[in-house]
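The values are calculated or read from the model by the stated rules, or taken from the named source; none is laboratory data. If you're wondering where the values come from, they're calculated on a predicted model, not measured in any experiment. Heads up, the Cβs are rebuilt from the backbone with ideal geometry, glycines too, and the neighbour counts pull from every protein chain shown.
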There are 2 protein chains.
Amino acid sequence: MATSIPIEEVLAAFPFLREAPPEVRRALAREGRAVRLEPGRFICMEGDRCPGLALITAGTARVYKTGESGREITLYRIEPGESCILTATCILGEEPFPAFAVTETPVEAVLIPASVFRRWVEQVAGWREYVFRLMARRLGDVIAVVEEVTFRRLDARLATYLLQALPPEGEAVLHRTHEAIATDLGSAREVVSRLLKDFEHAGAVRLARGAVYVLDVDALREVARRDGRG
Amino acid sequence: MATSIPIEEVLAAFPFLREAPPEVRRALAREGRAVRLEPGRFICMEGDRCPGLALITAGTARVYKTGESGREITLYRIEPGESCILTATCILGEEPFPAFAVTETPVEAVLIPASVFRRWVEQVAGWREYVFRLMARRLGDVIAVVEEVTFRRLDARLATYLLQALPPEGEAVLHRTHEAIATDLGSAREVVSRLLKDFEHAGAVRLARGAVYVLDVDALREVARRDGRG
């Protein structure tokens, strides 16, 4: 569903484009393509050679790996103002990328053809800096996942996950299935369900269908501090 | 120990510099600094803001993370013709980097000041491409580590590791301590020693002081195929 480019929304999400030379904004309007993706649509598939770069103006996408057993682990999420840096490395590094990116909510984005993206990297200092900074951040995110998975116990990771996912205000409830939580943590649903039941027996949470109510934040913080797995 | 730049060695390890404008080679000769590092010297420390970039012409360095317990996991190695892309992301992304890089063998390198590195990224297309390509590869390497640690059993990873580390010719022996192997795999020495003893009982390897002799490659390949950990 291509529509005309919501140029003000793009400039709001990617402020450095305001300072880019006028021809960059003209190229954006002429060669970009506005798209709206439903949740669950793939942006990048493992092994893809990507034809362009998506600049996300609304919604979130999830980047993940799958194991042979079909289990998944989330590497990071793409938010408004970001783009699929996997695609950028695809285009610039000329390597197919070993991961998946899928929309989680309705996503609005502007697609930039690979040739335009490459030209901007050469010609627009602010764009180049944006791309390098995003790549550096993603490398840091993925290194943090290595650290989590290698050195931290799953119960501590699950407690940290619940604490981080809580809304900052209102009821302390997380509307997410055990399956979705397991997928973010790279574990199996049964393992996560068992740990959540342990948390429930300890009075730290209450489990309901598709929801986890956090009853005792301090108890979860205590679990989150358990470190090292031997 | 700074000495004059071995310009021919640098050009041999980084062939795209041959096609760079003459002022790049002049900047290399004028502002680069040849260094020779003993094994075990730190190139990057966690949290560093890096003053320059090392172009490695000989030797290898190891990039790793440590957990709170002091255990380590190797993210990737830096070989001749490569540079510490952590440092590059430090410089370009303006983020301190969450890892360590340490020399494993004697390393020869040319240090480029951050300001020269940044200028080259702006002005030299071949250099920019080199940096992007290396970043893309590293992101791929680190994603592969996530996949390994999350989805593969440690016995399968250890078998794969032994097979990959074997010299292509000559005696099938790996001169490496159990500690060093555990560090590469992000595990504890005792766990790796126990698995190696299992392999020895099965007749796949013979253990000696600081060395693992591989007796049965097919048996190790069989173990390497065990996948998924529940």
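Points to keep in mind about this one:
- Among (1) loosely packed, with under 13 Cβ neighbours inside 10 Å; (2) within 21 Å of B:VAL149 (Cα to Cα); (3) in contact (Cβ under 8 Å) with a residue 40 or more places away in the chain - the single one A:ARG225 does not satisfy: (2)
- Filtered residues of region B:67-125 (kept if buried (at least 20 other Cβ atoms within 10 Å of the Cβ), closer than 30 Å to B:LEU158 by Cβ, more than 11 Å from chain A (Cβ to nearest Cβ) and charged (D, E, K, R)): B:GLU82
- Flag for B:THR105 being among the polar types (S, T, N, Q), in a loop (DSSP other than H, G, I, E, B) and either in the same structural domain as B:GLU8 (by TED's automatic domain parsing) or in contact with a strand residue (DSSP E or B) (Cβ under 8 Å, 6 or more places away or on another chain) (or both): yes
- B:ARG194 within 14 Å of chain A (Cβ to nearest Cβ) and crowded, with 16+ Cβ neighbours inside 10 Å: no
- Across region A:143-167, the qualifying residues are those that are among the small types (Gly, Ala, Ser) and under 21 Å from A:ARG194 (Cβ atoms), and the one among them that is farthest from the other protein chains (Cβ to nearest Cβ) is A:ALA165.
- Residues (polar (S, T, N, Q) and under 20 Å from the mean Cα position of the chain (by Cα)) located in region A:124-181: A:THR160, A:GLN164, A:THR177
- Which listed residue, of B:GLY170, B:GLY140, is small (Gly, Ala, Ser) and at the interface with another protein chain (Cβ under 8 Å from one of its Cβ atoms): B:GLY140
- Flag if B:VAL124 is out of contact with any Leu (no Cβ under 7 Å at 6 or more places or on another chain) and of a type outside the set (D, E, K, R): yes
- Where a residue in region B:196-209 is in contact (Cβ under 8 Å) with a residue 12 or more places away in the chain and its partner, wherever it lies, is of a type in the set (Ser, Thr, Tyr), with Cβ under 7 Å and at least six apart: B:VAL205/B:TYR213
- Evaluation of A:ARG128 against the conditions (1) closer than 27 Å to B:ILE73 by Cβ; (2) facing chain B (nearest Cβ under 10 Å) shows that the sole unmet condition is (1).
- Condition met for A:ARG133 (facing another protein chain (nearest Cβ under 10 Å), among the charged types (D, E, K, R) and surrounded by fewer than 23 Cβ atoms within 10 Å (Cβ to Cβ)): yes
- Checking region B:135-144 against the condition returns a match, with at least one residue being part of a helix (DSSP H, G or I), under 27 Å from B:LEU28 (Cα atoms) and of a type outside the set (Lys, Arg).
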